[in-house]
Protein chains: 2
Amino acid sequence: MTGVSSDLEIARAARIRPIEDIAAAAGVNAAALEQYGRYKAKIDPARLDAPPPHGKLVLVSAMSPTPAGEGKSTTTVGLADSLARAGHNVMIALREPSLGPVLGMKGGATGGGYSQVLPMDEINLHFTGDFHAITSANNALMALVDNHIYQGNALNIDPRRVTFKRVLDMNDRALREVVIGLGGPAQGVPRQDGFDITVASEIMAVFCLATDLADLRERLGRITFGYTYERVPVTVADLGVQGALALLLKEAVKPNLVQTIAGTPALVHGGPFANIAHGCNSLIATQTARRLADIVVTEAGFGADLGAEKFMDIKARIGGLAPSAVVVVATVRALKMQGGVAKDQLTRPDVSALEAGVENLRRHVHNVEKFGVTPVVAINRFATDTAEELDWLLAWCAAEGVPAAVADVWGRGGGGDGGDELAGLVARALEAPNKFRHLYALELSVEDKIRTIAQEIYGADGVDFSVPALKRLADIERNGWAGLPVCMAKTQYSFTDDATRLGAPKGFTIHVRDLLPKTGAGFIVALTGAVMTMPGLPAVPAALRMDVDPDGNPVGLT
Amino acid sequence: MTGVSSDLEIARAARIRPIEDIAAAAGVNAAALEQYGRYKAKIDPARLDAPPPHGKLVLVSAMSPTPAGEGKSTTTVGLADSLARAGHNVMIALREPSLGPVLGMKGGATGGGYSQVLPMDEINLHFTGDFHAITSANNALMALVDNHIYQGNALNIDPRRVTFKRVLDMNDRALREVVIGLGGPAQGVPRQDGFDITVASEIMAVFCLATDLADLRERLGRITFGYTYERVPVTVADLGVQGALALLLKEAVKPNLVQTIAGTPALVHGGPFANIAHGCNSLIATQTARRLADIVVTEAGFGADLGAEKFMDIKARIGGLAPSAVVVVATVRALKMQGGVAKDQLTRPDVSALEAGVENLRRHVHNVEKFGVTPVVAINRFATDTAEELDWLLAWCAAEGVPAAVADVWGRGGGGDGGDELAGLVARALEAPNKFRHLYALELSVEDKIRTIAQEIYGADGVDFSVPALKRLADIERNGWAGLPVCMAKTQYSFTDDATRLGAPKGFTIHVRDLLPKTGAGFIVALTGAVMTMPGLPAVPAALRMDVDPDGNPVGLT
């Protein structure tokens, strides 16, 4: 994946079409289109003259992530471009990137090489302001909560038990743990607090699981932001501000239309964390795409153990979705890392390391089958992959009975011939009858839901609950939340809760240290290990390279 | 100013035209127009096919504000509508409202009655995201500063002397005084800190005084965010992130085009605090309007002692502007309050109170003449004003030699006949030769600049500097900042620094307690009395009334 051109250079050299042309080709009527500059638009689903959702859903997931990079967004974009090139009516549904990591080190999240969504610079910066609206709604809620406490605290909120935090779309380590309300009686009520990054806000999760603005308003009202001195949950509806929060989000909930380099329409909308939330673009965007296209290609965060499982058991359940195919992205490099090769040795051909590492892929692809869905393996090609390695991997997939293709959507683009074979396999998978099922029933206890995921998906022997977690389980039962699905917060690097155990470990236990009820989003987060909800900046932040040139063009976005 | 319809109801009942029609009528070429939804657009000055700035500038200011309300924005909008109705080629330049006060108690800031800019709901909420971009740039800077300290502090920044704060566009009392960086060595370096509201950010002031994106980048680099352990100022350029901050602002600096109820084009762009900053819309918007129109009507914050003085001595100086007329808005109610009448007695006809209160207006109108500009008094009519009161006031203005007219732009609209007479007076004032001058030369010492403003504009006997202020004056001299203009932070309710002294007090001293160098914006703030840079929410915030109706329309914005 070396190249003379950066993603930004390729993006800027691409021919970008006016967004109204993309919209017209996608079947969006003019009354439903609201332009944001020349190349971005919002679609108002309420004004959209299109049939109900009917498009078949392809979820792009991956083997366990490694620092080597898998290229999930790139494959999502490239696959859709290849399907479009084969004559299918296709649309993409992707998450919006978070600004914090863009300024830190991650660079953009709009695909790469010749499989990108455009305009990459604007999507990676403020885009259409959705995340800012979510930040505002989140922080309006918290200003209203602290003001309520200050103005007499009629709801009897315990300031030590406010569980909701303020957020910024920023990597800002210094805000992780703070004390607010200092300065004396006129300045507020002091309490220990902290800031999360916006994508970790429950309002982001609510935003992405709502079916429409009215449902968003209801879900906002159900958010539990803290507890009274008697430990009774206090909700946004108790405070009476779900209307104001919905008002702050009324434009943001309309999905954003952009285009790929190849001109395929893409809805880029919402982007919750994949650990303490479910890690998928908004349900509204997915359903809007399914009204407009016959095939919708979407993605979920992290590997299939987390992203795909949450997609199936949370998003698909709430939205009544039934995915028709799951693409599992794998790379030779990442498989070698799973097989024990160090990062600086990945360019050395090493089929034996592939053999060891492929156990990770094996568990992921068979997990997909547990949801009644056929997996398709996409081998995302890197320049350093040898023919021998690629052939070995294709042969392994064939022996395993899993359709697989090498894709070069980064270098050749899905608009070129880089994803033709993969698109063919996916199109064939879509012809099979849909046998989708959830992994667990909501009627199971929260413990049993967690156990089912840990044993069936992770391959664990069992689950161990900490004393605080057991206490929290009792609270959940008492508060009537036990019927919610579970959202696992586990390291993405391992099937276990230990990030260093690669491959496909056996004989391990999952340790649940705490549970966080997210009653607005509608799931119970199970925390295994430390979860970082406010990232920090590195020693040399990407921001130091960023600039505008004399013509006002962006510099240094990668 | 009572009426059966709320501002939101009037706004929603108004016929709003597609923004591209407004743009075309205003002479904006298509290449310079970037739509944001149907009724908002950004104008890219770099692509604007229009002559250099040439339009004559009318500044709308006011007598000292009272809780009775003066209607400065309403008069600005109505006057422009009336000038347009009289056949003039006119454009408005206004500040963007801040979201925090909208959720608090102020309601919107887009005019009122039949003199509003549309779409009022979107302008009052997120608009085109400019304030969010400024919030992001501000907070990116602070994340980078705290990260720099955490990562080894090569610049030797004293964490106790970081003067720049994070911001939110929110009224959030609990964030006024905080401690950040808690949690141990991995979470940052603890320091005492606080949040301001976004409109108080120096980045907002920089944004509004920049001539273009390149100048914005330079000014950002000149911001002093703190001091080293040796008390040497540290700037954004020292940190090397002016490019990243400019990148975050590159779209926001393009002025926003909207329309009045009467269809007059309005640029609504930027909105710095009027106490610790200069309180005017962006220079870029003013100059863009002056390229497109023969007459530009704009406003400045608070009364003429603050807003107009800062407009003349800061914005006009930096931008090379020479205002041709200043409208001083007065109301019978506010004059009676200045004359000592309590707020609940204002509806009682009382010419003797008017006589007492008019001294406030007298000082303001003669202050305007000190800038070489002819004042025009706009008597903004309220329903409770009696003919006797209005006649008395008109007669007083005539005797004083000041052109004056009663305007009913709230009730009848400038698009109706509510502002015809006022527009006629303003048009006549524009025909006089321009004799604009600044109040003071930059070569004066900072003390003498402050003394000149206090004596010439406020009517003070002199200025008293606190011991810390004297020390700061020495620092300013040593750091080479003494040539900057002064930005007075004084209560808007009185010519003195005591908010309770109404009318036109004499025999008083202005007390300067501290000075804040704003080296990016390019002025020295002189603090007199307490200045609140993070408002709080009231006991019953406006947010409690806000909602969306089942069709997604806004409810409860006033």
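Any read-out appearing in this document is the output of simple, stated calculations on the displayed coordinates, not a laboratory observation. From a predicted model like this one, the values you see are computed outputs, not experimental measurements. Neighbour counts are summed over all protein chains in view; Cβ atoms, including those assigned to glycine, are modelled from backbone coordinates with ideal geometry.
Here is how the numbers come out for the structure above:
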{"quantity": "Among A:LEU175, A:VAL241, A:LEU216 - extreme Cα towards positive end, dipole of region A:130-249, charges at beta-carbon", "calculated": "A:LEU175"}
{"quantity": "Potential lengthening between B:SER445 and B:VAL555 on full extension [0.36 nm per residue; Cα-Cα distance subtracted]", "calculated": "34.4 nm"}
{"quantity": "For A:ALA41, distant residues with modelled amide H under 5 Å away", "calculated": "A:TYR36, A:LEU257"}
{"quantity": "Mean projection area, nm², convex hull over Cα of region B:130-249", "calculated": "7.3"}
{"quantity": "Test item: Cα-centred dipole of chain B, Lys/Arg +1 and Asp/Glu -1 on Cβ, debye", "calculated": "820"}
{"quantity": "Nonlocal amide H pairs with B:VAL234, under 5 Å, H built at 1.01 Å", "calculated": "B:PHE225, B:GLY226, B:TYR227, B:THR228"}
{"quantity": "Global size of the protein assembly as shown as Cα Rg and Dmax, reported in angstrom", "calculated": "30.6, 102"}
{"quantity": "Chain A, relative contact order [Cα under 8 Å, separation at least 6], %", "calculated": "21"}
{"quantity": "In nm, spacing of pseudo-spin labels at B:ARG161 and B:THR228 (7 Å Cα→C-beta vector)", "calculated": "1.0"}
{"quantity": "Folded to 0 to 90 degrees: helix A:420-431 orientation relative to chain A principal axis, Cα", "calculated": "60"}
{"quantity": "Furthest towards positive pole of dipole, B:ALA266, B:ALA383, B:GLY411, structure part chain B, Cβ charges", "calculated": "B:ALA266"}
{"quantity": "Estimated D of region B:446-527 in µm² per second, where Rh is the Kirkwood radius over Cα pairs and Stokes-Einstein applies at 4 °C, 1.567 mPa s", "calculated": "100"}
{"quantity": "Backbone HN-Hα couplings from phi across region A:335-347 [Karplus 6.51/-1.76/1.60, Hz, Gly and Pro as x]", "calculated": "5, 5, 5, 4, x, x, 7, 6, 4, 7, 10, 5, 7"}
{"quantity": "Karplus-derived HN-Hα couplings along region B:315-329 (A = 6.51, B = -1.76, C = 1.60, θ = phi - 60°), whole Hz, x at Gly and Pro", "calculated": "5, 5, 5, 5, x, x, 8, 9, x, 9, 7, 10, 8, 9, 7"}
{"quantity": "Net dipole in debye of the protein assembly as shown [+1 Lys, Arg Cβ; -1 Asp, Glu Cβ; about Cα centre; nearest 20]", "calculated": "740"}
{"quantity": "Amide H within-cut-off set for B:VAL486, under 5 Å, with H built and near neighbours excluded", "calculated": "B:ILE524"}
{"quantity": "Label geometry 7 Å along the beta-carbon vector: A:ASP448 inter-copy distances in nm", "calculated": "8.7"}
{"quantity": "Cleavage-rule hits, trypsin sites (Lys or Arg not before Pro), region A:202-251, DSSP coil, Cβ neighbours within 10 Å at most 14", "calculated": "A:ARG231"}
{"quantity": "Label 7 Å beyond Cα on the Cβ vector: A:ASP420 copy-to-copy distances, nm", "calculated": "7.5"}
{"quantity": "Cα pair distances exceeding 45 angstrom across chain A, given as percent", "calculated": "12"}
{"quantity": "Distance histogram for region B:287-352 (every C-alpha pair counted, 10 angstrom bins, percent rounded to whole numbers)", "calculated": "17, 36, 23, 17, 7"}
{"quantity": "Helix axis angle, B:283-292 relative to chain B longest principal axis, alpha carbon, degrees", "calculated": "40"}
{"quantity": "Cα-centred dipole magnitude for region A:130-249, charges only on beta-carbon of K, R (+1) and D, E (-1), debye, nearest 20", "calculated": "300"}
{"quantity": "Distance in nm between pseudo-label sites at B:ASP420 and B:ASP294 (7 Å out along the Cβ direction from Cα)", "calculated": "2.0"}
{"quantity": "Alpha-carbon centroids, region B:379-423 and region B:468-489: separation in whole Å", "calculated": "43"}
{"quantity": "Rough spin-label spacing in nm, given labels placed 7 Å along Cα→Cβ, for A:ILE16 and B:THR384", "calculated": "5.4"}
{"quantity": "Helix A:130-150 vs. chain A, principal-axis angle (Cα, 0 to 90°, nearest 10)", "calculated": "20"}
{"quantity": "Per-residue HN-Hα couplings for region B:523-530 [Karplus 6.51, -1.76, 1.60; θ = phi - 60°; Hz; x = Gly/Pro]", "calculated": "8, 10, 7, 9, 8, 10, x, 6"}
{"quantity": "Charge dipole of chain B about the Cα centre (unit charges at C-beta), most positive-ward option of B:PHE127, B:GLY520, B:GLY112", "calculated": "B:GLY520"}
{"quantity": "Other copies of B:ALA322: label-to-label distances in nm, shortest first, labels 7 Å along the beta-carbon direction", "calculated": "7.7"}
{"quantity": "Rg [Å, one decimal], Dmax [Å, integer] - region A:481-558, C-alpha atoms", "calculated": "19.5, 60"}
{"quantity": "Extension gain, B:ALA530 back to B:ALA30 (0.36 nm per residue minus Cα-Cα distance, nm)", "calculated": "175.2 nm"}
{"quantity": "Charge sum, other residues only, whose C-beta stays under 13 Å from A:LEU267's C-beta, Lys/Arg counted +1 and Asp/Glu -1", "calculated": "+2"}
{"quantity": "Calculated [θ] (222 nm, deg cm²/dmol) that DSSP helices of n ≥ 4 give over the protein assembly as shown, each run adding -39,500 (n - 2.57)", "calculated": "-9000 deg cm²/dmol"}
{"quantity": "Calculated FRET value between A:LYS435 and A:LEU470, using beta carbons and R₀ = 41 Å, to 0.05", "calculated": "0.65"}
{"quantity": "P(r), alpha carbons of region A:370-441 - 5 Å bins starting at zero, rounded %", "calculated": "3, 15, 20, 22, 17, 11, 7, 3, 1"}
